[in-house]
Amino acid sequence: MVTIRGAEHPAKVRWTRPFLPPLKPLSDEAARQTFMDIADDNYEEIEELLRFTGNLPLAVDLMAHLVLYDGASSVLARWETEKTSVLSEGFDRRSNLDASIAMSLSSPRLSSSPGAMDLLCLLSILPDGLSDAELFQSNLPIKDLMACKAVLLGTSLAYNDDKRRLKSLVPIREHVQQFHPVQPWLVESLQQYFAILLDLYQKYFGTLQAVGMIKQITLNLANLHQILLQGLNPENPDLANTVSCGISLNMFSRRTGLGRHVLMDCMKPHVHLCGPQLEILFVTELFRSQGLLAVDDPEGLVTRVESQFKTFKDPVLEADFYGILGFYYAHTNNPKAKETMDKVVELFNTTEQLDIHPEILTLVANFYWRFGEYPTGRILARRAQRLAQRTANLYEEALALRVESGCNIFLGNYTSTVFILDRAKELMDLCGSSESILYYRILDLEAEIHMRKSQYAEARKIYVQIATKLSAQDNPIDHAYALLPMGEIDVAIGAHDATENLEKARELFAKFNFHYGAFTCDAVIVEYKLNTEGVETGPLKATLEKILAFSWSDDALVTFAALERMGDPARWPLTDFNWVSTHSVVYLAFSTKKKDKLAVHKALRFLGDVFLTNGDEKTAESLFLAALDGFTNMDVHRSRAECLIRLGDLAKNRGDLAIAKSFWDMARPLFERALQGQRVAHIDKRLASLDQEIRVTK
């Protein structure tokens, strides 16, 4: 067998036809098997080590032998500092990776084309490689660019991947970075090209024009990271542009569901050198990209920004900053949340420039939704939609539609909200954002409608999809908020491992000090424990009272979660009746104040149980009928069935057996739809017994 370096056949040799293709890197499976044949070690570490080899046969062989002697953990630690030198302890090209690569770099083909070496140096910091269009459009200061590309391909120092992007293998990139680092003048034009791309993305974000830009940025995420990282030093004369690009890249990462970009930490020490506007933009994006997580020294950052606003006047930037800050305060239980958001409303009402920024108004609407002011939130969300339509921003329109939908759900408008959510998803598809975090938050509301209607199978399917897409690593709070209702469904249907998802969600919430989510998990866990025979209820009541005291004035959702469990007599033993009946009244009052239609009718059903326990069957029946009417209007299966069962019981007590049978017959398929297997079995027994009674009376 004869092997050669490069992809070209030497002349004057009679090769068999068709020509054999050049050897390619090993497949992932072949590289893994080769490695395992030499050194069997921890699977996860092997995957990481193989990533550094680029599946280059020599690199895989050397890496595996090194692991055989030193162990995977030791080799990984050395790679962080030594790179390809780790695989270069031999004395010839067959046992020394650097020597092998250096031989290729000294080939006459490469020496005769200086531009080819410049291009290779540039590729060494570009893990994503470059397309032909990017090579030309970026105006690289390299002569005869396509000839240089041909040289790299011919010497196998570069290759075209399946997307026809010019790339270099990891070991070659690492070697070139160490021994032939790229010069700044080579990177400048490429950074300018990507800066223009990011500017265009920001300008057209949310519109049809942005679709192609989203695809191109996605193909260059690792390239952007490396290029911007190189520019983050105080001596860089173009530092401000680098930071500006970094902020835009973080916005892209956040919007597309990739989470907060690591460059945010790298930029933080340098932003004070970039002027007030960029510093304010950075701090605003820092609060925004943290989502529901805590920010280090938030008050110090706020003080710094507010001092900048004294000399730098920009009402749009100011409204955006205070809007994000108000939301951050709300999530961290800071009493300044409402006062901060009021500043945004005041700015919006007094500044015409804000009329072209629907995202800020949507933020305010979202705040009112969050605090249970559903009619106000809906009005503001609809206004934001009109502003988004005027600017043809599909993303912002979808965002406002989501907030309107959230308010609608609490107001009990389920059927119309499904159409609104469908429209929001359609808009996300049109603007190329169907994989963004917003898309999955829209799906979350779709699942919530199923959840409220006790369509648990449909709801769970969507929550599983969300939890799979929004990982615990990149989007921990969103992931936890998908696990939470999955656990709630498990409790509702009596699953054997009902608390597993609740415990996972609670662990994530606690890890990031997100008390609202943790308390909601606690409320559902109390519900689960109440189903345990002989449980001591004192600690459970104390838990719910603690949750209520924490959330009463700050979080409507957590308050509802606590009161729903506290005010339902069907969940508690008779010994706790007085405590429960008090909270039934409180639940009705709170639900009425917040205009949550489902909660109002649940409270009516709870009060029906209270009156029934007190022996007032007539009032109880009136309350059950009123609740049933609302549940039927909203198509809430399980709650309808609960009312029908009680009405059937009352009819049976009066001796109206046919009416009782009619009520129970209607309840059965509703319980079945809500996956209440035990309740269905219980109804079947009661119906069989009732049929016997009816036959006897006849």
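Screening 362, 376, 351, 415 for residues that are of a type in the set (Val, Ile, Thr) and either buried (at least 24 other Cβ atoms within 10 Å of the Cβ) or touching a Cys at 6+ places or on another chain (Cβ under 8 Å) (or both) leaves exactly one candidate, 362. For residue 425, the requirement of being farther than 22 Å from residue 368 by Cα, in a helix (DSSP H, G or I) and in the same structural domain as residue 377 (by TED's automatic domain parsing) is met. For the range 602-627, a tally of residues being among the aliphatic types (A, V, I, L, M) and under 37 Å from the mean Cα position of the chain (by Cα) returns 3. Look at (1) buried (at least 18 other Cβ atoms within 10 Å of the Cβ); (2) hydrophobic (A, V, I, L, M, F, W, C); (3) within 18 Å of the chain's Cα centre (by Cα) and you find that residue 281 fails only one, number (3). Only one entry of 673, 668, 638 meets the criterion of being under 26 Å from residue 489 (Cα atoms) and touching a His at 6+ places or on another chain (Cβ under 7 Å), and that entry is 673. Of the set (1) at pLDDT 90 or above; (2) hydroxyl-bearing (Ser, Thr, Tyr); (3) farther than 17 Å from residue 281 by Cα, all apply to residue 207 but (1). Considered as a group, the residues in the range 194-210 that are touching a residue at least 24 places away in the same chain (Cβ under 8 Å) and surrounded by fewer than 16 Cβ atoms within 10 Å (Cβ to Cβ) include one that is farthest from residue 431 (Cα to Cα), and that residue is 199.
Which of the following residues is touching a residue at least 60 places away in the same chain (Cβ under 8 Å) and surrounded by fewer than 22 Cβ atoms within 10 Å (Cβ to Cβ): 275, 257, 300?
On the way: 275 fails: touching a residue at least 60 places away in the same chain (Cβ under 8 Å); 300 fails: touching a residue at least 60 places away in the same chain (Cβ under 8 Å).
Of the residues listed, the single one that is touching a residue at least 60 places away in the same chain (Cβ under 8 Å) and surrounded by fewer than 22 Cβ atoms within 10 Å (Cβ to Cβ) is 257.
Where helices (runs of 4 or more DSSP H) fall entirely within the range 221-334, those with at least 3 residues that are of a type in the set (Val, Ile, Thr) and at pLDDT 90 or above are at 239-255, 276-290, 298-309. Select from the range 365-405 the residues that are of a type in the set (Ser, Thr, Tyr) and in contact with a Gly (Cβ under 7 Å, 6 or more places away or on another chain) and list them in ascending order. Correct list: 368, 395. Checking each residue of the range 299-314 against the condition of being at positive phi and of a type in the set (Gly, Ala, Ser) gives no match. Output yes when any residue across the range 594-602 is in contact (Cβ under 8 Å) with a residue 40 or more places away in the chain, touching a Lys or Arg at 6+ places or on another chain (Cβ under 6 Å) and surrounded by fewer than 23 Cβ atoms within 10 Å (Cβ to Cβ), and no when none is. There is at least one residue in the range 594-602 that is in contact (Cβ under 8 Å) with a residue 40 or more places away in the chain, touching a Lys or Arg at 6+ places or on another chain (Cβ under 6 Å) and surrounded by fewer than 23 Cβ atoms within 10 Å (Cβ to Cβ). For beta carbons closer than 8 Å, sequence separation of 6+ or different chains, a first residue in the range 529-549 that is part of a loop (DSSP other than H, G, I, E, B) and a second that is hydrophobic (A, V, I, L, M, F, W, C) and surrounded by 17 or more Cβ atoms within 10 Å (Cβ to Cβ), the qualifying pairs are 531/491. Between 388, 381, 392, the distinction of being in contact with a Cys (Cβ under 8 Å, 6 or more places away or on another chain) and within 25 Å of residue 429 (Cα to Cα) belongs to 381 only. The set of residues in the range 566-583 that are surrounded by 23 or more Cβ atoms within 10 Å (Cβ to Cβ) and part of a helix (DSSP H, G or I) comprises 566, 580, 583.
Taking every residue in the range 337-348 that is not assigned by TED's automatic domain parsing to the domain that holds residue 380 and surrounded by fewer than 19 Cβ atoms within 10 Å (Cβ to Cβ) and pairing it with any residue that is in a helix (DSSP H, G or I) and polar (S, T, N, Q), at least 6 positions away or on another chain, yields no pair with a Cβ-Cβ distance below 6 Å.
Give the range 229-279 a look and list any residue that's closer than 15 Å to residue 474 by Cα and hydrophobic (A, V, I, L, M, F, W, C), or say none.
Keep residues of the range 229-279 that are closer than 15 Å to residue 474 by Cα, which gives 250-264.
251, 252, 258, 262, 263, 264 - these are the residues of the range 229-279 that are closer than 15 Å to residue 474 by Cα and hydrophobic (A, V, I, L, M, F, W, C).
Among the residues of the range 312-336 satisfying the criterion of being aliphatic (A, V, I, L, M) and without any contact (Cβ under 8 Å) to a residue 60 or more places away in the chain, which is nearest to residue 357 (Cα to Cα)? Top of the filtered list is 316. Evaluation of residue 636 against the conditions (1) of a type outside the set (Asp, Glu); (2) farther than 20 Å from residue 569 by Cα; (3) at pLDDT 95 or above shows that the sole unmet condition is (2).
Taking the range 157-179 as the range and being of a type outside the set (Phe, Trp, Tyr), outside any helix (DSSP H, G or I) and surrounded by 15 or more Cβ atoms within 10 Å (Cβ to Cβ) as the test, the residues that pass are 157, 158, 165, 166, 167, 168, 169.
The values are calculated or read from the model by the stated rules, or taken from the named source; none is laboratory data. Remember, it's a predicted structure, so these values are computed and weren't measured experimentally. Ideal geometry is used to build each Cβ from the backbone, glycine not excepted, and the neighbour counts take in all protein chains shown.
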